[in-house]
Amino acid sequence: MFISFIHTQGSLHENSFDTVDDLLQYSAVCGTGLDTVPIPGDTRPEQMAAIFLDLAALAVTLNKPLTARLMPIPGKVAGDKVSFDFEYFAEGTVLPVKSLGPKNFSPKVPS
């Protein structure tokens, strides 16, 4: 089951998910990842990398494939409403992304 956040946000979201982390925890037990999740447009690449690392850790731990399609929405911040000119996307809310503290976070990829 691949739950698309934007496709189902009207019925699924109803105050169920306050952050991307909440949605990630949900996807770990009954889905295959994060799909079409609107995030703030100023989300740093390091913040997205941290989400992907969390997702990878869950995938390894649960021994199942997990994927992510994050949608940085230019000019939007957490809590802003978003709508799309695409009949298969529902209106939604931009979810906050956790702060990483120091801006020098850089995941190391083994060579």
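The values are calculated or read from the model by the stated rules, or taken from the named source; none is laboratory data. Since the model is a prediction, treat every value here as computed from it, not as a measurement.
Residues that are outside any loop (DSSP other than H, G, I, E, B) and modelled with pLDDT under 90 within the range 74-92 comprise just one, GLY92. Where helices (runs of 4 or more DSSP H) fall wholly inside the range 1-73, the ranges with 2 or more residues that are at pLDDT 70 or above are 20-30, 45-62.
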